1. Condition (residue is among the aliphatic types (A, V, I, L, M) and touching a Ser or Thr at 6+ places or on another chain (Cβ under 9 Å)) applied to the range 36-50: is it met by at least one residue?
2. Tally the residues that are within 26 Å of the chain's Cα centre (by Cα) and either under 20 Å from Thr5 (Cα atoms) or of a type in the set (Lys, Arg) (or both), restricting the search to the range 59-72.
3. Are any of the residues in the range 73-80 free of Cβ contacts under 8 Å to residues at least 60 places away in the same chain and surrounded by fewer than 16 Cβ atoms within 10 Å (Cβ to Cβ)?
4. Out of Ala43, Ala84, Ala57, which single residue is in contact (Cβ under 8 Å) with a residue 40 or more places away in the chain and either over 25 Å from Asp8 (Cβ atoms) or out of contact with any Leu (no Cβ under 9 Å at 6 or more places or on another chain) (or both)?
5. Would you pick out the residues in the range 182-209 that are surrounded by 16 or more Cβ atoms within 10 Å (Cβ to Cβ), assigned to a loop (DSSP other than H, G, I, E, B) and not small (Gly, Ala, Ser)?
6. When you check Ala162 against the structure, is it among the small types (Gly, Ala, Ser), surrounded by fewer than 24 Cβ atoms within 10 Å (Cβ to Cβ), under 9 Å from the mean Cα position of the chain (by Cα) and not in a loop (DSSP other than H, G, I, E, B), yes or no?
7. Could you look through the range 205-225, keep only residues that are at pLDDT 90 or above and aliphatic (A, V, I, L, M), and pick out the one that is farthest from Pro171 (Cα to Cα)?
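The values are calculated or read from the model by the stated rules, or taken from the named source; none is laboratory data. Because the structure is predicted, anything quoted here is derived from the model rather than measured. Cβ placement follows ideal geometry from the backbone for every residue including glycine, while neighbour counts extend to all protein chains displayed.
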Amino acid sequence: MIKITSKDNSAVRRAMRLMTSSRERRKSGLIICEGARLCGDAAESGVSVEELFCTPAALEKYSDYLEGLIEKAQEVYEISDEIARKISDTETTQGVFIVAKAPQVESDLNRLTTTGEYVLLENLQDPANVGAIFRTAEALGLDGIILTEGCASCFSPKALRAGMGAMFRIPIFLSKDAPAEMAAAARRNMRPMAAVPREGASDITGIRFFRGAVMCIGNEGNGLSDALIEACPEKVTIPMNGRAESLNAATAAAILMWEMMRGYTGR
């Protein structure tokens, strides 16, 4: 274990850049995780851990998590509380961080399983929403999540925390042309569905899911693009009996995914 005492250490500076810069994460192919449980989950899920940073207090308090991490990390650094606060993206840090290689993202949507259940997120901007949707999707047993290029990164520190490590355990796909890809999915006998708050859409609670489907969920403010709505043969909506006109994107996604898995008879 190497002891670091300077905030100007090159490893510390890189960790700080990864924590604050999406460009640095894309360029390097690396992610940074904060917190003993999240870091432990990443390592247990097979993520390649390049560096582990931890404070002396964390070594003692989170020994159960750190024992396995220390064995799997290529480099292990002991840092001061001051350096931990410098790296941290949270108000109260646990003093545990890892730098790891980003999990693989599949860009060929023809690899979707035609009997699988998926959710597609178009241009969601809040990483906390993205992370929460990942967490719910994993809990409910969906087969994967599709992100358009305009989505907030699922590997940002905020999304990783909200997802509780789900990004390490559920297949991730990147959509480069969602309308064309959903039209192609329909030709493969899948069911692309556009979630829309409009009259004329089918009530999600009355739909029977009997084969592979892709539930498309749109941007927090603008919803789905017209092109993607047009590409989906089915339009669905969540019945709203109260006075609220809309739901948070993560909440709406949770309801839609629950209904997908509750009524699915294809397994």
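1. no
2. Summing the residues that are within 26 Å of the chain's Cα centre (by Cα) and either under 20 Å from Thr5 (Cα atoms) or of a type in the set (Lys, Arg) (or both) in the range 59-72 gives 2.
3. Checked against the condition, which is being free of Cβ contacts under 8 Å to residues at least 60 places away in the same chain and surrounded by fewer than 16 Cβ atoms within 10 Å (Cβ to Cβ), the range 73-80 yields at least one hit.
4. Values: Ala84 fails: in contact (Cβ under 8 Å) with a residue 40 or more places away in the chain; Ala57 fails: in contact (Cβ under 8 Å) with a residue 40 or more places away in the chain.
After ruling out the rest, the residue left standing is Ala43.
5. Answer for the range 182-209, where residues must be surrounded by 16 or more Cβ atoms within 10 Å (Cβ to Cβ), assigned to a loop (DSSP other than H, G, I, E, B) and not small (Gly, Ala, Ser): Met190, Val196, Ile207.
6. Taking the combined requirement at face value, the residue satisfies it.
7. Among residues in the range 205-225 that are at pLDDT 90 or above and aliphatic (A, V, I, L, M), the one farthest from Pro171 (Cα to Cα) is Leu224.
A quick yes/no check of all residues on (1) of a type in the set (Asp, Glu); (2) assigned to a loop (DSSP other than H, G, I, E, B); (3) at negative phi:
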site: Arg17; (1), (2), (3): no, no, yes
site: Arg23; (1), (2), (3): no, no, yes
site: Glu67; (1), (2), (3): yes, no, yes
site: Glu91; (1), (2), (3): yes, yes, yes
